[in-house]
Structures are given as structure tokens and as C-alpha cells.
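Novice: This is the structure I have questions about; it appears just below.
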Amino acid sequence: QVQLVESGGGLVQAGGSLTLSCKVSGSNFSFQRIGWYRQGPGNQRELVARIDTDDDRTEYAHSVKGRFTISRDNANNAVDLQMNSLQLEDTAVYYCSADGILLTNFGQRTFWGQGTQVTVSS
């Protein structure tokens, strides 16, 4: 129904930048929100940033405010996460998620991508 494909992860030095992209596709699904989450070694998955699809309202984790920017690339059906001033603590697997309503049964559903590794080195 919904496919989310992340790209853009990699190895970067502290202070550097990376842009992650989540290519979104699917049918029979009314998208409400696209988000980026991350899970570092030994940590639970946490919200990084998310954007509402109807009004582009954004929400950020406190730890990334002012450094990361989430945006929609409507031409490419993607949601990007621009990450600047990367810190060692940003090392994690980053996952894209899509929240919305299945049009087949009007149930709320969240879909996840496979994740992309971001490693920040000193």
C-alpha cells in the first residue's frame, strides 16, 4: 500500500552536513504526516522531525532544533531532512514514517521505511 525508501545516509565528520531523502509512494492511503525517526545504539526509536501534509506544519525534537530542517519535495514525492552541524550523538539509523488512513477500511496506520545509517565521526 505504502512504500517509503530512504536514501542519503553515510559517514560524516562532526560539524558536517547530510541530507536524507524519503521517497514516498502508495495507493489507497490518505497521508496525514511524514516523519523522520532515529534509533541510536542501545536507544529507543525517537522522533527527529515530522511534517503535516495538509498545512506543512513541522515539529522537531529539542535536540535537533535549529540544526535540522524537514521539508517536502512535491515534485519528487519525497520528504527531505537537511541535517547541519552534525554531532556524535546524531549517529543512528534514521527511519522515515508515514501516518495516515487506509482508504480500504478507514483505519489509522503507520508505515515505516527500512532505515538509513548515519554515522558521525570525530
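The values are calculated or read from the model by the stated rules, or taken from the named source; none is laboratory data. Everything numeric in this text was worked out from a predicted model, so none of it was measured. Note that we place each Cβ from the backbone using ideal geometry, even for glycine, and neighbour counts take in every protein chain shown. The protein model used for the area step is the full one, side chains on, heavy atoms only, and it has no ligands, DNA or RNA in it. Shrake-Rupley method; radii C 1.70, N 1.55, O 1.52, S 1.80 Å.
Novice: How high is the relative contact order of the chain, in percent, with contacts defined as C-alpha pairs under 8 Å that are six or more residues apart? Numbers along the way, then the final one.
Specialist: Details: 304 pairs, mean separation 43.8, N = 122.
Once divided by the residue count of the chain, the mean separation gives 36 percent.
Novice: A follow-up question, please. Calculate the length of the line joining the C-alpha centroid of segment 89-122 to that of segment 1-72, in whole Å.
Specialist: 7 Å
Novice: Keeping all protein chains in place, calculate the accessible area per residue for the chain (probe 1.4 angstrom), answer in Å². Write out the running numbers ahead of the final one.
Specialist: Numbers: 6470 Å² over 122 residues.
In whole numbers, the chain has 53 Å² accessible per residue.
Novice: Another question, then. Identify the chymotrypsin sites (Phe, Trp or Tyr not before Pro) of segment 40-122 meeting these criteria: DSSP loop state and at most 15 other C-beta atoms within 10 Å of the C-beta.
Specialist: Qualifying residues, ordered by number: Phe106.
Novice: Next question. Please get the size of the charge dipole for the chain, origin at its Cα centre, with Cβ charges of +1 on Lys and Arg and -1 on Asp and Glu, quoted in debye to the nearest 20.
Specialist: With Lys and Arg at +1 and Asp and Glu at -1, about 140 debye.
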